[in-house]
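Working notes, structure below.
The values are calculated or read from the model by the stated rules, or taken from the named source; none is laboratory data. Small disclaimer: the values here were computed from a predicted structure and weren't measured. Positions of Cβ are backbone-derived with ideal geometry, glycine not excepted, and every protein chain shown enters the neighbour counts. The accessibility values were calculated without ligands, DNA or RNA, using every heavy atom of the protein model including side chains. Shrake-Rupley method; radii C 1.70, N 1.55, O 1.52, S 1.80 Å.
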Amino acid sequence: MSAAKPGGDTFYELNGKLPPKNRFWAYSKENMIKFEKEGRIYYSSAGKPYLKHYLDEMPGTSVDDLWLNCQFRSKAESIGYPTQKPEAFMERVIKSSSNEGDTILDPFVGGGTTVAVADKLGRNWIGIDQSVQAIKVSEMRLNNQQDLFSQPFTLILHKYDYDTLFNQNPKLFENWIVERFGGRPNFKGGGDRGIDGKMLDGTPIQVKQSESIPSMPIRQLVTDAKACDKNLFEKNVAARKPVAYFIAFSYGKGAIQEVARLKNEEGVIIKLMTVSEKVEIAKKPKLIVEFNDLGTDAKGNREIEFTAKTESENEIEMFAWDWDYDEDKPFKAEVIRDKTGNQTNKFNAGTHTIAVKAVDSEGLEAIEIIKIKVNGVVERE
């Protein structure tokens, strides 16, 4: 118990003990007896007395589970999403309830704050939402904070654009499509003997991000499958089951004939699968961007109005704008959630590259890149 100043009746014997040398009890003997009767005295293992303090007796306001003072750190942090939470708020929640390497699940991802903050804090994460807009907003926020140390993430939609899949990073595409077909990707890559994944029973899978596959890759796959696991290969041949699976966008006549020949003449079955069997493919929107020079402001900057026009089978959910687009880097939206397709921005003299994305209700997107030169007049390069 803390020391008291000399004086009064604070030096006395309590339960056979006197205060330590040059120390005094904190309360009078009368009060200490009263505390004893009320059960307010707690004794440590060494016999040292402590007074119990209850929360409702303490000064100030107790901490509860309602956090009201949650504000954005800056105006730029707010993207205009109705349910968006400040990142500082989610940092507090995630740090207090998880450790690095844990997995954070947000089944109503909304504006993407939870997954964006979880990614920054070194957590694994899963974000789910029925709204395409929510998913695309979250994707753009994650892309905006990606750097050399960021882990890649996978976006799963109901429908996919053919051109986007066809031109995706090959290794990312391989891993993604193998998982869509229920297999396990070969994440290691390199020296894989042409095997990009395996079905759950170990049967090899090969992926070609190509169209009109000829006969040669089919013959090579038979060799690779046998080298991968000879016992499994022979077991599948004997059971009249596929010895390997081939995934591509389409197959030429030669590949189809070779598969038939292998089955009929050698009893070897290669199962041909197309991307469209597991992924619904749709057409992305068409996008055209026009601009109008509004003149020079007081600081000499050129104010330019941009209008995005689209043709789409589906309703356009939103537009996003990157005012300083670098073609060697990912799209990083400075305006993430534009519902109108109209934006005004100011530019100094020089050449500027602007990128605009239009996202439809299926999550498919189109991008238009324009270059303008500001030098007395505004010209499109």
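Going by Cα centres, the stretch 245-283 and the stretch 21-82 are how many Å apart?
The stretch 245-283 and the stretch 21-82 have Cα centres separated by 71 Å.
Rounded to two decimals, what is Rg over Rh for the stretch 277-368 when you use alpha-carbon atoms and the Kirkwood radius?
With Rg and the Kirkwood Rh in hand, the quotient comes to 1.04.
P(r) of the stretch 283-333 in 10 Å steps, Cα pairs, percent per bin?
Calculated over all Cα pairs of the stretch 283-333, the distribution is 18, 38, 33, 9, 1 percent.
Taking the simple approach of a point 7 Å from Cα along Cα-to-Cβ for both K48 and N31, what is their distance in nm?
Taking the two extended label points, one gets 2.0 nm.
Testing the spin-label approximation: label points 7 Å from Cα along Cα→Cβ at I156 and K339. State their distance in nm.
Distance between label points: 3.0 nm.
Relative contact order of the chain, please, whole-number percent, based on alpha carbon pairs below 8 angstrom and at least 6 residues apart.
Contact order relative to length: 10 percent.
Sorted from largest to smallest, which semi-axis lengths in Å does the alpha carbon gyration tensor of the stretch 101-257 give for its equivalent ellipsoid, taking the root of 5 times each eigenvalue?
36, 18, 14
Give me the Å³ per residue figure for the convex hull around the C-alpha atoms of the chain.
289 Å³
For the residue pair E311 and T83, what label-to-label distance in nm results when each label sits 7 Å from Cα along the Cα-to-beta-carbon direction?
3.7 nm
Go ahead and collect, in residue order, the members of the stretch 320-347 whose backbone nitrogen is under 20 Å from a label point 7 Å along the Cα-Cβ direction of K120.
330-337
Specify the residue with the greatest mean-square fluctuation among P217, P20, P82, computed from a Gaussian network of the chain linking alpha-carbon atoms under 10 Å apart.
Among P217, P20, P82, the largest GNM mean-square fluctuation belongs to P20.
May I ask you to evaluate 6.51 cos²θ - 1.76 cosθ + 1.60, the Karplus curve with θ = phi - 60°, for each residue of the stretch 224-229 and list the ³J(HN,Hα) values in order in whole Hz, giving x for glycine and proline?
Result, rounded to whole Hz: 5, 5, 5, 5, 5, 7.
Which of rounded, prolate or oblate describes the stretch 165-264 when judged by the alpha-carbon gyration tensor and an a/c cut-off of 1.5?
Verdict is oblate for the stretch 165-264.
For a quick check: with amide H placed at 1.01 Å from N, whose amide H comes under 5 Å from D129's, ignoring anything fewer than 5 positions away on the same chain?
Hits under the 5 Å cutoff: V109.
What's the carbon and sulfur percent of the stretch 34-116's accessible surface, probe 1.4 angstrom, rounded to a whole number?
54 percent
How long is the gain from V377 to Y12 if the chain were fully straight, where each residue apart is worth 0.36 nm and the alpha carbon distance is subtracted?
Taking V377 through Y12 to full extension adds about 122.1 nm, to one decimal.
Once the Cα gyration tensor of the stretch 236-334 is found, what semi-axes does its equivalent ellipsoid get, as square roots of 5 times the eigenvalues, in whole Å, sorted largest first?
That gives 55, 15, 11 Å for the three semi-axes.
Can you work out the accessible area per residue across the chain, with the rest of the protein chains kept in place, probe 1.4 Å, in square angstrom?
Heavy-atom SASA per residue in the chain reads 59 Å².
If you consider only alpha-carbon coordinates, what radius of gyration and Dmax does the stretch 91-133 have, in Å?
10.1, 30
Quick one, what does Rg over Rh come out to for the stretch 47-138 if you take C-alpha atoms and the Kirkwood Rh?
1.17
For the chain, find the longest principal axis of its Cα atoms and tell me its angle to the long axis of helix 132-144, 0 to 90°, nearest 10.
Once rounded, one gets 80 degrees.
Taking θ = phi - 60°, what integer Hz values does the Karplus form 6.51 cos²θ - 1.76 cosθ + 1.60 yield along the stretch 352-366, in sequence order, with x for Gly and Pro?
Couplings: 10, 10, 10, 10, 10, 10, 10, 10, 8, 5, 9, x, 7, 9, 10 Hz.
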